[in-house]
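A.B. asks: Take this structure first; my questions come after.
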Amino acid sequence: MITVNSFANKPIGVLGLGRSGLSAVRALSAGGAEVWAWDDTEDKRDEALAAGVQLTDLYQSDFSKLGTLVLSPGIPDQYPEPHAVANKAREVGCEIICDVDLLARENDQARFVGISGTNGKSTTTALIGHIFKEAGESVAIGGNYGIPALDLDLLDESGTYVLELSSYQLERIPSMRLDVAILLNISPDHLDRHGGMEGYVAAKRILFERTKEASKAIIGMEDNHCRALCLELMVNRGGKGIVPISASARAPGGVYVDDGMLIDDLDNQQKTIMDLHVVRTLPGRHNWQNAAAAYAAARAAEIAPDQIVAALKTFAGLPHRQELIIKSDGVSYINDSKATNTEAAAKALACYDNIHWIVGGQFKEENLGALESELVRVRQAYVIGEAQDQLADLLSPAVSISKCGDLATALQQAQEAAQRAKPGTVLLSPACASFDQFENFEKRGDAFRSLVNQQVGAAS
C-alpha cells in the first residue's frame, strides 16, 4: 500500500467507497490526513464502518474548509448530470481528483506508463506488465486494471508503474506526468458521461497532456480520431517522441504488424521481430495492435527485442477477453464477456468462422456499426437480455436469430446447434453492457464459464 503523506493534518473528502475509494481512505489515513469519507449507498457505508472507516456526511459538510475531493471515477461531476457533492466542491473551488492522482503526488521518482483506449487497454496493460516482469524489471500494475493505484507497492526510481487509465480517470489526474502515454483506439463509448463524442475524444486527449518533456506518445492509427490526434501531436511536438502503431498498415517511425509479422520501424529500418500467429493468447488484428503497443512501450524502457519476444510467447492472456474455456468435439467455447460495445464484439467475430454467437444485454449504441461487416461469419445469433428485441430487429435478416432471454438458455441452444454443424465456435461476445442481468462483465463471464464447464465439460 502507498502511504499518502501530502495531506497530513489536512481535511480531504472521499466520495464513493468502492475498491478505489476505500483504498484512498486507507492511504490517506495512514499519512495522517483528516479524511471525510462518504458513500451514497447504505450498504457501502456499512462495509466502510465495518472496516473501521469513520464516516462524514459530505452533503452536510462545510466545503469552504476543504481543498480536495477524491471522487470515485464512476460518479459524474459534469455529464449527464453533476453529482450534488461535486457541485458543492466546484462552487468553492475545491479540486476534484481520483486515487491515481494521489499516487502521482506521492511518487515522482518511478517511471509511469499510462494506457487508455476504448478497447484493448486491459490486455495491453497486462501484456506490458508481463514483459517488464519477464525482463527482470521492478513493476507494479494497476489503476483501472484490477488493483487500485494506492494498493500498489511504493517503487523507487528503478521501478515502473503500468496503469490502465479510463476516460473517467483521465479527467481527474492533474498531477500525473507519464513517461509513456499509450492511446490504442477511440470508438463511441460512454457518450452520456462525456456529453457526446467530442467530449469523449477530449477526455482521451488529456492522456498526452499528462506527460513529461521527454515522454513517448504511442498512438494507434486504426481510426480517424486517433490519426487526427497523432497528427496534432506531430505538429505540436515537432515529431519528437511520437510512436505510431498499427496492425493493418505500415507505421513509419513506429511499430506495426504485417500479416501477423511484428515489424520494428523505430529506427526506420523495418526489422521483422516475430510472427504473432504463434502467440495463441493474442488472436486477431486488435490483439496484434496491443502487441505492437506493448513492444513500443518496452523498447521505450530499453528492454531488448529478444526479451520482449520471449515474454510475448509466454503471455497467458486475460479472463473474459476471447478466453478459450474448452474445445470439445470440434467446437470451441470462447468467453469474450468484456466485449461491451459493437467495436469490441466485431473484433472478436473477425477471429472465427462458423460462429454461434451469444449477444445482448444493455445496448449502448444506435446501430450495429463495425459488426455489420463481420456478420457473414455468424451461423446463428442467440440474443439475450434487455436489448433482445432491439438486437433481433437490427440483426435480421442478415443473421438467423434465436431469442433466448437468458445466458443459460442461449448456451444450451448454441451448444446443440454447434454440435450439429461442427466444426465451429460458440462465442459469448455480447456487444452490450451486463447490468440488466449481471453485476458486471466479470460476473457475466464467470457465469458463462461455469455453465460451459457444467454443460460441455461434463459431457466431454
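A.B. asks: Run Gln412 past the list (1) more than 21 Å from Arg321 (Cβ to Cβ); (2) at pLDDT below 95 and report the number of the one that doesn't hold.
C.D. replies: It fails just one condition, (2).
A.B. asks: Taking the stated definitions as given, is Ala348 assigned to a helix (DSSP H, G or I) and either of a type in the set (Ser, Thr, Tyr) or surrounded by 24 or more Cβ atoms within 10 Å (Cβ to Cβ) (or both)?
C.D. replies: Yes.
A.B. asks: Which of the following residues is in the same structural domain as Gly424 (by TED's automatic domain parsing), crowded, with 19+ Cβ neighbours inside 10 Å, of a type in the set (A, V, I, L, M) and assigned to a loop (DSSP other than H, G, I, E, B): Val399, Val383?
C.D. replies: Just one listed residue meets the conditions, Val399.
A.B. asks: All but one of (1) surrounded by fewer than 21 Cβ atoms within 10 Å (Cβ to Cβ); (2) part of a helix (DSSP H, G or I) hold for Gly445; state the number of the condition that does not hold.
C.D. replies: (1)
A.B. asks: Another question, then. Any residue at all in the stretch 149-162 that is surrounded by 24 or more Cβ atoms within 10 Å (Cβ to Cβ) and under 23 Å from Glu222 (Cβ atoms)?
C.D. replies: yes
A.B. asks: For the stretch 317-341, give me the residue count where each residue is touching a residue at least 60 places away in the same chain (Cβ under 8 Å) and over 15 Å from the mean Cα position of the chain (by Cα).
C.D. replies: Matching residues across the stretch 317-341 total 11.
A.B. asks: Let me ask something else about it. Restricting to the stretch 100-138, name every residue that is part of a loop (DSSP other than H, G, I, E, B) and within 20 Å of Lys204 (Cβ to Cβ).
C.D. replies: Correct list: Gly117, Thr118, Asn119, Gly120.
A.B. asks: In addition: Consider the stretch 19-74. How many of its residues are surrounded by 16 or more Cβ atoms within 10 Å (Cβ to Cβ) and modelled with pLDDT under 95?
C.D. replies: 1
A.B. asks: Then there's this: For the structure I just gave you, tell me whether Ile128 is touching a helix residue (DSSP H, G or I) at 6+ places or on another chain (Cβ under 7 Å), buried (at least 24 other Cβ atoms within 10 Å of the Cβ), at pLDDT 95 or above and assigned by TED's automatic domain parsing to the domain that holds Leu229.
C.D. replies: In short, yes.
A.B. asks: Does Thr272 satisfy being surrounded by fewer than 19 Cβ atoms within 10 Å (Cβ to Cβ) and among the hydroxyl-bearing types (Ser, Thr, Tyr)?
C.D. replies: For Thr272, the condition - surrounded by fewer than 19 Cβ atoms within 10 Å (Cβ to Cβ) and among the hydroxyl-bearing types (Ser, Thr, Tyr) - is met.
A.B. asks: Given the conditions (1) loosely packed, with under 15 Cβ neighbours inside 10 Å; (2) within 20 Å of the chain's Cα centre (by Cα), which single one is not true for Ala228?
C.D. replies: For Ala228, the exception is condition (2).
The values are calculated or read from the model by the stated rules, or taken from the named source; none is laboratory data. These figures come from a predicted structure and were not determined experimentally. Quick reminder, even Gly has a Cβ in these numbers, built from the backbone with ideal geometry, and neighbours come from all protein chains shown.
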